[in-house]
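Take a look at the structure set out below.
The values are calculated or read from the model by the stated rules, or taken from the named source; none is laboratory data. Model, not experiment: these values are computed from the prediction. Here the Cβ positions follow ideal geometry from the backbone for every residue, glycine too, while neighbour counts run over all protein chains shown. Note: accessible area is taken over every heavy atom of the protein model, side chains too, but ligands, DNA and RNA are not part of it. Shrake-Rupley method; radii C 1.70, N 1.55, O 1.52, S 1.80 Å.
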Amino acid sequence: MKKFSVDYDPHALKKMSKLDAPVRKRIKKWIETNLEGCENPRRRGKPLEGELSGFWRYRVGDYRIIAEIQDDKIIIFVINVDKRNDIYK
């Protein structure tokens, strides 16, 4: 079975660095537990529609992770991390 790895867009890393430490830790732990090394990253997320079609969202409390799943490279590319109210703007 193929296992996915997680990579981060520089924009997503910058956004994560601005989050409060406990929130940042919680999000990183969620990604490590649920996405890193998983066989089917689509099971935990939901596909986005409209302008963000082709991307997937993952919910961690009040925060959302927007990611692109690249099957050919077996990678989950985290594009953005932010509060639910702000992430889709």
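Structure values in brief
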{"read-out": "Residue in the stretch 70-85 that is touching an Asp or Glu at 6+ places or on another chain (Cβ under 7 Å), in a helix (DSSP H, G or I) and loosely packed, with under 15 Cβ neighbours inside 10 Å present", "value": "yes"}
{"read-out": "Condition check for Glu39: open to solvent by 40 Å² or more (accessible area, probe 1.4 Å), outside any helix (DSSP H, G or I) and of a type outside the set (Phe, Trp, Tyr)", "value": "yes"}
{"read-out": "Single residue of the stretch 1-24 satisfying the filter (modelled with pLDDT of 90 or more and of a type in the set (D, E, K, R)) that is most open to solvent (accessible area, probe 1.4 Å)", "value": "Lys18"}
{"read-out": "Every residue from the stretch 25-36 that is under 15 Å from Val81 (Cα atoms), free of Cβ contacts under 8 Å to residues at least 40 places away in the same chain and either outside any helix (DSSP H, G or I) or open to solvent by less than 70 Å² (accessible area, probe 1.4 Å) (or both)", "value": "Trp30"}
